[in-house]
Amino acid sequence: MKVKVTGVGLYLPPKIETAKDIASKIGRPVGWIIEKSGVSERRVSEIDVDQMGAIAGKEALRDGGKPDLIINGSGVPKQTIPDTSTFYQRELGFEGIPSFSVHCTCLSFITALNTAASLIHSGSYNRILIISSDRGTRGRNFDEPESASLLGDGAAAVVIEQSLANESSEFIYFDMKTFPSCANLTEVRGGGTNKHPQDPETTLSDNLFTMDGPAVYKIARKEVYRMMLKTMKTTGLKREDVDWVIPHQASGKAVDAYISTGGFAKEKVVSIISEFGNCVAASVPMAFATAVQDGRIKRGDLLLFIGTGAGLSAACVLIKY
């Protein structure tokens, strides 16, 4: 599909929380935190996801006009209803254009990217703004040290438009698989009809993030590897053809697996896990925006966005930037 990313935006909250800062909250030493999570520090936002996302969105839009569609590709909403995209739109000052969410937990940006590309290709829209904004620190359960030490806050945004016939930019490939037998491995049980506020059995922990990290890593590594092999076979490409791998920043160990198991060169894997932690769905576009803004990613590069999310789901997108 002849589509391209024409704008990129990033919001990094100014407040930094180090491994030392969180150590006392979870009762673990700094060395344990860095070894288990790979996170040396993270950002903690003092504004909510709609304001964070709007800042990133404005930066992505600065080189052009307003979008004709806004897609929210985030992991956790501002509130149950109305949709979080509505709050982005209000912050951005756009009245009357459509907005909605594409939700797939940590894979929301990747699936939103596929949705936007398809809508551009169909001629339904010309200029789509995707925003991913998450406050992972809001849902930390300090009684689960490993998962609590992972999460951070951040936002990123991209603008998607049709590419010209003489431009190399294109959307090449998308794949996704979901394994609901693993649904209980990563959860926030509250916030819906399951553990609702009027149920006397609903507890505080039902509204906090919980994850069986070792089980998720074992399954995710296997399924992502299979997906990488399928992607290369289907497209006829080799690992060496991919300029940049932009994975979900699930943990330090998970990002390193793209090198040790996936077979990609270390210098081709974009990693921001040590500085920013796991920022849920915002992790992938934050890594992308960081590498674009520091000059590593250049126009014409072949990019593989890939990762896993609760469900358990695995997904990837291959684009020529």
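The values are calculated or read from the model by the stated rules, or taken from the named source; none is laboratory data. Please read these numbers as outputs of a predicted model, since none were measured by experiment. When we count neighbours, we look across all protein chains shown, and the Cβ atoms used for this are built from the backbone with ideal geometry, even at glycine.
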For the range 193-218, name all the residues that are out of contact with any Leu (no Cβ under 6 Å at 6 or more places or on another chain), within 30 Å of Val317 (Cα to Cα) and in contact (Cβ under 8 Å) with a residue 60 or more places away in the chain. Leu208, Phe209, Thr210, Met211, Gly213
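Under the condition of being among the polar types (S, T, N, Q) and surrounded by fewer than 24 Cβ atoms within 10 Å (Cβ to Cβ), which residue from the range 91-113 is farthest from Arg62 (Cα to Cα)?
Step one: of the range 91-113, the residues among the polar types (S, T, N, Q) are 99, 101, 105, 108, 111.
From the residues that got through so far, the ones that are surrounded by fewer than 24 Cβ atoms within 10 Å (Cβ to Cβ) too are 99, 101, 105, 111.
Values: Ser99: 19, Ser101: 22, Thr105: 28, Thr111: 24 Å.
Restricting to residues being among the polar types (S, T, N, Q) and surrounded by fewer than 24 Cβ atoms within 10 Å (Cβ to Cβ), the top hit is Thr105.
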Could you tell me whether any residue of the range 106-126 is closer than 24 Å to Met176 by Cβ, within 14 Å of the chain's Cα centre (by Cα) and at pLDDT below 95? no
Flagged pairs (Cβ under 9 angstrom, 6 or more apart or on separate chains; first in the range 99-126, on the phi > 0 side of the Ramachandran plot; second polar (S, T, N, Q)) are Thr105/Thr186; Thr105/Ser313; Gly123/Gln162
Please work out which residue is surrounded by the fewest Cβ atoms within 10 Å (Cβ to Cβ), limiting yourself to the range 211-232 and to residues that are within 14 Å of Leu304 (Cα to Cα) and out of contact with any Asp or Glu (no Cβ under 9 Å at 6 or more places or on another chain). Leu229
Do the conditions hold for Ser85, that is, is it touching a residue at least 24 places away in the same chain (Cβ under 8 Å), outside any loop (DSSP other than H, G, I, E, B), hydroxyl-bearing (Ser, Thr, Tyr) and crowded, with 22+ Cβ neighbours inside 10 Å? yes
Subset of the range 5-43 (residues that are among the β-branched types (Val, Ile, Thr) and under 12 Å from Ala148 (Cβ atoms)): Ile22, Ile26, Ile33, Val39
Give me the pairs: first residue in the range 247-265 and under 18 Å from Thr231 (Cα atoms) and assigned by TED's automatic domain parsing to the domain that holds Ala314, second residue buried (at least 23 other Cβ atoms within 10 Å of the Cβ) and of a type in the set (Ser, Thr, Tyr), beta-carbon distance under 8 Å, and six or more apart or on different chains, which are they? Pro247/Tyr258; His248/Ser283; His248/Thr308; Phe264/Tyr258
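Is at least one residue of the range 66-74 at pLDDT 95 or above, of a type in the set (Asp, Glu) and part of a loop (DSSP other than H, G, I, E, B)? Before the answer, list the steps.
Filtering the range 66-74 down to residues at pLDDT 95 or above leaves 67-74.
Adding the requirement that they be of a type in the set (Asp, Glu) leaves 68.
Right, trim to part of a loop (DSSP other than H, G, I, E, B) and you get 68.
Yes, there is a match, as at least one residue in the range 66-74 is at pLDDT 95 or above, of a type in the set (Asp, Glu) and part of a loop (DSSP other than H, G, I, E, B).
Could you grab me the full set of residues in the range 298-321 that are farther than 21 Å from Asn278 by Cα and assigned to a loop (DSSP other than H, G, I, E, B)?
Matches in the range 298-321: Lys298, Arg299, Gly300, Asp301, Tyr321.
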Here the residues within the range 169-210 that are among the acidic types (Asp, Glu) and surrounded by 15 or more Cβ atoms within 10 Å (Cβ to Cβ) are Glu170, Asp175, Glu187, Asp206
One residue is enough: does the range 185-208 have a residue meeting the conditions among the basic types (Lys, Arg), modelled with pLDDT under 90, out of contact with any Gly (no Cβ under 7 Å at 6 or more places or on another chain) and in a loop (DSSP other than H, G, I, E, B)? yes
For the range 262-276, indicate whether the set of residues that are farther than 19 Å from Val8 by Cβ, modelled with pLDDT under 95 and not in a helix (DSSP H, G or I) is non-empty. yes
For the range 1-24, how many residues meet the condition of being out of contact with any Lys or Arg (no Cβ under 7 Å at 6 or more places or on another chain), over 27 Å from Tyr125 (Cβ atoms) and modelled with pLDDT of 95 or more? 7
